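Enquirer: Structure below; questions to follow.
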Amino acid sequence: MTRRNSAVILTALVALAAFASATFLYQRHERQQAAEQAAAKLDVMVRAHSPVIGPADAAVTIVEFFDPACEACRAFYPHVKQILAAYPREVRLVIRYVPFHQEPSVAGVQILEAARRQQRFEPVMDALMQSQPVWASHSNPAAERAWEFARAAGLDLEQARAYVATGAVDKLLEQDVADLKAVGVRTTPTFFVNGRQLPEPDPSVLLAMVKSEAERLRKAP
């Protein structure tokens, strides 16, 4: 091999090493930037007033932008419950309200918030999801009937309506609507796992994201 050929090969190797180093640094910067963006989003997505199911200090946070009158939210609901049951100590669900279906959506939020105040949030949520085709039919909505199903699940209607009349739920909804616009949510349900958005509406993908994040954090120093 001539000196000239050796020099060409050496130059190529140096260039290749420089390229690999630059690629590594760029990818590290991209990962860091993505993590910072996710953390910034999480600050907007999780509010002190939001309903939380699961441990407050859970390592993995699922944020669901949720409309109680949304058929797809109803379809996802049992899968989300299964994930929470599978990771009872590591995962929490934070719910943000999205009133895309107007009157039925608002009625559902009012009922859920009144139920939360009475510590009946989960049983009332179960009842509303099961009965959703009745009270939130897109062709013939009957939002008032949602109150009947909530009462059957243990909600004190007199106390609930008195709480709704204070306007507290209206203020909560105003903040949630402002936040969903800031995050760019356009459909329900929209999920984020520790700030990363679910790329497709598939319960198996949501489970995979949660599992991956939980395993990653278990290994973290």
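Laboratory data are not the source of any read-out in this text; all were calculated from the coordinates shown. Because the structure is a prediction, the values reported are computed rather than measured. Positions of Cβ are backbone-derived with ideal geometry, glycine not excepted, and every protein chain shown enters the neighbour counts.
Enquirer: Give the separation of the Cα centroids, the range 64-87 to the range 115-178, in Å.
Expert: A separation of 16 Å, based on Cα centres.
Enquirer: A further question follows. How many nm is it between the label spots at His79 and Arg218, if each spot is 7 Å from the Cα in line with the beta carbon?
Expert: So the label points at His79 and Arg218 sit 2.3 nm apart.
Enquirer: Answer with one residue from Val52, Ala162, Pro104: the one whose Cα lies farthest towards the positive end of the charge dipole of the range 46-219, charges on Cβ with Lys, Arg +1 and Asp, Glu -1.
Expert: Final value for the positive-end residue is Val52.
Enquirer: Could you line up Asp57, Asp179, Asp126 from fewest to most neighbouring Cβ atoms inside 10 Å?
Expert: Working: Asp57 7, Asp179 21, Asp126 15.
Lowest count first: Asp57, Asp126, Asp179.
Enquirer: Tell me the label-point distance for the pair Glu122, Arg186, using the 7 Å Cα-to-Cβ offset, in nm and rounded to one decimal.
Expert: 3.6 nm
Enquirer: Then there is this: Looking at the range 84-125, which trypsin sites (Lys or Arg not before Pro) are in a loop (DSSP not H, G, I, E or B) and have at most 16 other Cβ atoms within 10 Å? Spell out each step's value before the answer.
Expert: On the way: sites: Arg89, Arg92, Arg96, Arg116, Arg117, Arg120; in loops: Arg89, Arg120.
Within the range 84-125, the qualifying trypsin sites (Lys or Arg not before Pro) (loop, at most 16 other Cβ atoms within 10 Å) are Arg89.
Enquirer: What's the magnitude of the charge dipole for the range 46-219 around its Cα centre, counting Lys and Arg as +1 and Asp and Glu as -1 at the beta-carbon? Answer in Debye, nearest 20. Walk me through the numbers on the way to the answer.
Expert: Numbers: 20 positive and 21 negative charges, 104 e Å.
Result for the range 46-219 is approximately 500 debye, rounded to the nearest 20.
Enquirer: Within the range 112-153, name every residue whose backbone N is under 18 Å away from a label modeled 7 Å from Cα of Thr166 along the Cβ vector.
Expert: The answer is 112-121.
Enquirer: A further question follows. Using r as the Cβ-Cβ distance of Leu207 and Arg89, and R0 as 25 Å, what FRET efficiency do you calculate, to the nearest 0.05? Each step should come with its number before you reach the end.
Expert: On the way: r = 17 Å, r/R0 = 0.67.
Approximately 0.90, to the nearest 0.05.
Enquirer: Want the number for Val177 to Ala142: 0.36 nm per residue separation, take away the alpha-carbon distance, what's left? Don't skip to the answer; put the middle values down first.
Expert: Details: separation 35, 0.36 × 35 = 12.60 nm, distance 2.32 nm.
Here the segment from Val177 to Ala142 would lengthen by 10.3 nm.
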